[in-house]
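Here is the structure we will look at, set down as structure tokens.
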């Protein structure tokens, strides 16, 4: 390699200064660190997105039935069919609207909601769980605790915190979804435009309080039960397949979510369907109690439970399999 020299100082000009190599190494190391930190976030975002799509594909028809049955609890409902059972609701939807426009009404917003919500939810959950692990170890110390119980506690805390982040994304998309499911407007875009024209941006966030009230306790149960079940099933001689463990734990977690969250979801649905009334959570709760009693908070329970297990089993299966795939193929 030829090296030139400057006449006065005798310093080399063709070679880099002594510190230049260190700068390049530092830059390379910084880039490597950035990539290393970005990879887990990308994996969690992608896994949550795919999991959300799996959830919609399996569970959306039952979600539509749940929304329609919740909508019946007020006299303002403008829908012709008022079935009294989940099966009756599904049959009525197919007869009156067809499979796609009936069972999968609002599927566009649902896909967007589930993809975005679960991308943010699972990424936030994974990041928060790292902090929760350290805090949990400090609080628990040397006290004896089973692995399953520890997983339940960590999952519940991280899930509740991640739910707050996800709620801000979920609320406006779900408002559009439930209105399309209930038959208001020909499309999600039309419905969103109508809300913006009549109520402004704030109209899209009607029911935000009820969304948080649903998501926080719901996700405490969701992630807590999932983590507990995964830890309890690990090494189980009757269920050695990892896929079977994920599907079972995911289904149980999803069922736990809705058993806890359905009353708040009923309030949210009423607020978002009839936001022109501007009722707050307390007033909406009083209206439901006055017209139907406690039963009104659990309308659509059967559709919800029937949907919860398979759709959330699919959600967690999609998340875990996508995560495994990306971890193996990404550098």
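With respect to residue 143, is the statement that it is assigned to a helix (DSSP H, G or I), modelled with pLDDT under 85, surrounded by fewer than 19 Cβ atoms within 10 Å (Cβ to Cβ) and out of contact with any helix residue (DSSP H, G or I) (no Cβ under 9 Å at 6 or more places or on another chain) true? Please lay out each step first, then the result.
Working: assigned to a helix (DSSP H, G or I): no; modelled with pLDDT under 85: yes; surrounded by fewer than 19 Cβ atoms within 10 Å (Cβ to Cβ): yes; out of contact with any helix residue (DSSP H, G or I) (no Cβ under 9 Å at 6 or more places or on another chain): yes.
In short, no.
Residues in segment 146-169 that are buried (at least 23 other Cβ atoms within 10 Å of the Cβ) and either modelled with pLDDT of 90 or more or under 14 Å from the mean Cα position of the chain (by Cα) (or both): how many?
So the answer is 6.
Just checking, how many residues over segment 83-119 are under 20 Å from the mean Cα position of the chain (by Cα) and within 13 Å of residue 61 (Cβ to Cβ)?
5
Test of understanding: among 231, 213, 221, which residue is surrounded by fewer than 23 Cβ atoms within 10 Å (Cβ to Cβ), touching a helix residue (DSSP H, G or I) at 6+ places or on another chain (Cβ under 6 Å), touching a residue at least 12 places away in the same chain (Cβ under 8 Å) and within 30 Å of residue 284 (Cα to Cα)?
Numbers: 231 fails: within 30 Å of residue 284 (Cα to Cα); 221 fails: surrounded by fewer than 23 Cβ atoms within 10 Å (Cβ to Cβ).
Only one candidate qualifies: 213.
Looking at segment 181-199, is at least one residue at pLDDT below 85, assigned to a helix (DSSP H, G or I) and touching a helix residue (DSSP H, G or I) at 6+ places or on another chain (Cβ under 7 Å)?
Step one: of segment 181-199, the residues at pLDDT below 85 are 181-188.
With assigned to a helix (DSSP H, G or I) added as a condition, the list becomes 181, 188.
Next cut, touching a helix residue (DSSP H, G or I) at 6+ places or on another chain (Cβ under 7 Å) only: 181, 188.
Looking for residues that are at pLDDT below 85, assigned to a helix (DSSP H, G or I) and touching a helix residue (DSSP H, G or I) at 6+ places or on another chain (Cβ under 7 Å), one finds at least one in segment 181-199, hence yes.
Quick check on segment 111-125. Is at least one of its residues touching a helix residue (DSSP H, G or I) at 6+ places or on another chain (Cβ under 6 Å), more than 23 Å from residue 307 (Cβ to Cβ), surrounded by 23 or more Cβ atoms within 10 Å (Cβ to Cβ) and modelled with pLDDT of 80 or more?
First, pick out the residues of segment 111-125 that are touching a helix residue (DSSP H, G or I) at 6+ places or on another chain (Cβ under 6 Å): 111-125.
So of that shortlist, the ones also more than 23 Å from residue 307 (Cβ to Cβ) come out as 123-124.
This time we only want the ones that are surrounded by 23 or more Cβ atoms within 10 Å (Cβ to Cβ), so: 123.
If we keep only those that are modelled with pLDDT of 80 or more as well, we get 123.
Checked segment 111-125: at least one residue is touching a helix residue (DSSP H, G or I) at 6+ places or on another chain (Cβ under 6 Å), more than 23 Å from residue 307 (Cβ to Cβ), surrounded by 23 or more Cβ atoms within 10 Å (Cβ to Cβ) and modelled with pLDDT of 80 or more.
The values are calculated or read from the model by the stated rules, or taken from the named source; none is laboratory data. Bear in mind the structure is a predicted one, so any value in this text is a computation, not a measurement. A quick note on method: Cβ atoms are made from the backbone with ideal geometry, for glycine too, and the neighbour counts reach across all protein chains shown.
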